[in-house]
Each structure stands twice: as structure tokens, then as C-alpha cells.
Amino acid sequence: GENVEQHPSTLSVQEGDSAVIKCTYSDSASNYFPWYKQELGKRPQLIIDIRSNVGEKKDQRIAVTLNKTAKHFSLHITETQPEDSAVYFCAAVPASKLTFGTGTRLQVTL
Amino acid sequence: GAGVSQTPSNKVTEKGKYVELRCDPISGHTALYWYRQSLGQGPEFLIYFQGTGAADDSGLPNDRFFAVRPEGSVSTLKIQRTERGDSAVYLCASSTGGSTGELFFGEGSRLTVL
């Protein structure tokens with residue numbers, strides 16, 4: 001089955017700096033890569049996704065890049081704000097189910 | 001409904017008891033998923049329904065776990081002879097079709113087995 005690894009597990013940045021979270025996956029059949037944000041005690045919510053026929057996608061301060069050859073994808077958050085503080089999960093989909101990474105706790109400090 | 005609804009939000013039970021967790025997906029969503037999330041971990045896949053049938057139940061950890069979706073809408077996750085290791089937040093999600101689209105999660109049911 002699919003195996004998704006995510007790094008780092010925790011990340012602390014100052015407000016206004018950029019944050020980068022990286023994931024690797026194992027199943028070359030994976031063709032969809034979403035990112036979910038989970039605030040403390042809340043449900044995971046989709047923030048951005050990318051499909052295998054695209055190398056990069058951007059939505060305001062958030063961007064995701066995908067390297068299918070190397071089987072890795074990354075989340076980039078620019079101009080971080082305190083409300084970006086949360087746990088972020090990457091995921092990969094080879095067939096019918098999302099396989100999530102272990103999460104990155106992002107802390108944006110003032 | 002407006003979103004995915006899960007009940008109960010919290011359940012405390014004793015080891016060995018039987019538990020049912022309910023999920024009411026967004027109206028019209030044909031795909032329904034159950035995930036389990038332990039503290040500090042990512043959601044772990046349990047089972048996926050497309051309509052009434054379980055399209056993929058490969059994530060169910062053992063035969064104490066079972067899920068149904070008899071009418072293609074509400075789903076119930078059933079856990080028999082609960083063990084302390086079953087303690088986790090059980091998340092339900094629904095989507096309009098397959099998994100290559102946004103999953104809408106419920107708030108989860110926190111299960112504590114004493």
C-alpha cells in the first residue's frame with residue numbers, strides 16, 4: 001500500500017517568514033495530492049491540492065509543488081500569519097483512499 | 001445537512017463493551033470514509049463506502065470492527081469487545097464521488113476506553 005512520509009514534525013517560524021513542509025510517497029500510481037489543515041480540536045479541512053499532471057499550483061499565500069519522478073511534493077506558505085498556526089497533513093491517493101502523512105505542527109510566532 | 005454530522009461527540013466506555021458511532025454525511029455525497037486519529041498522528045484509513053457497499057475495508061484493524069451504510073446515506077461504525085487501544089478520535093468524511101476530490105470531515109467522535 002501507499003506510504004507517506006512528512007517532514008518536519010514541528011516547525012516554528014516568525015510572522016512574515018515562509019514555511020515549507022515536505023512529503024514523499026511510495027506508490028507511483030498515486031495521482032492526487034491534497035493538503036489538509038487541522039486546528040486544535042477541529043476537523044481537517046482541505047487547503048490546496050494538486051493532481052499528477054501539474055507540477056505546481058498556487059492559491060494566494062499557499063503553493064504546492066509536485067515532483068513525480070522523485071515522488072515528493074511540498075507545501076509552501078509565504079508571509080505567514082498567526083492564524084496559519086495548526087497541524088498540516090499531506091496525503092496521497094493511489095486508488096480509492098487517502099493515505100495521510102503524520103502531520104507537521106506549524107507555530108507562527110509574533 | 002450543512003455538513004458532516006457525527007454522534008456522539010464523546011463516548012467513554014469500559015473495556016469489553018460494544019460501541020456504535022454514527023455518521024450523517026452531506027446530502028447527496030455518495031462516498032463515505034471512516035478514519036481513526038490517535039493523538040499526534042495523521043488520520044488512519046479504516047473503510048470507504050461508495051453508495052451502500054464497502055468499496056475498500058482494508059483499513060479495519062480486526063474483526064471487532066464493522067461498518068454499515070444500509071441506505072447509502074447514514075453510516076454506523078461498530079466496535080465489539082472494545083480495548084484500551086481503540087481509544088482515538090474516529091473521523092467520518094464524505095465526498096461527491098471518488099477520493100480524488102475534497103473530503104469533508106465531521107468533527108469526530110472521541111472514544112475513550114477505560
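The values are calculated or read from the model by the stated rules, or taken from the named source; none is laboratory data. Predicted model only: the values in this text are computed from it and were never measured. Please note: Cβ atoms are built from the backbone with ideal geometry, for glycine as well, and neighbour counts cover all protein chains shown.
Here are a few things to note about the model shown:
- Count of region A:20-46 residues which are in a strand (DSSP E or B) and in contact (Cβ under 8 Å) with a residue 40 or more places away in the chain: 13
- In the set (1) surrounded by fewer than 21 Cβ atoms within 10 Å (Cβ to Cβ); (2) touching a residue at least 60 places away in the same chain (Cβ under 8 Å), the condition left unmet by B:Pro25 is number (1).
- Within region B:72-109, being under 13 Å from B:Phe49 (Cα atoms) and in a strand (DSSP E or B) holds for B:Ser75, B:Thr76, B:Leu77, B:Cys92, B:Ala93, B:Ser94, B:Ser95.
- Residue check, B:Arg22 at pLDDT 95 or above, within 30 Å of A:Thr10 (Cα to Cα) and not in a loop (DSSP other than H, G, I, E, B): no
- Some residue of region A:11-27 being at the interface with another protein chain (Cβ under 10 Å from one of its Cβ atoms) and either in contact with a Lys or Arg (Cβ under 9 Å, 6 or more places away or on another chain) or of a type in the set (S, T, N, Q) (or both): no
- Reported count of residues in region A:31-85, each being within 12 Å of another protein chain (Cβ to nearest Cβ) and among the acidic types (Asp, Glu), is 2.
- Residue within region B:66-85 that is surrounded by 13 or more Cβ atoms within 10 Å (Cβ to Cβ), over 22 Å from A:Gln38 (Cβ atoms) and without any contact (Cβ under 8 Å) to a residue 24 or more places away in the chain present: yes
- Filtered residues of region B:50-68 (kept if within 14 Å of chain A (Cβ to nearest Cβ) and farther than 18 Å from A:Phe100 by Cα): B:Gln50, B:Gly51, B:Gly53, B:Ala54, B:Ala55, B:Ala67
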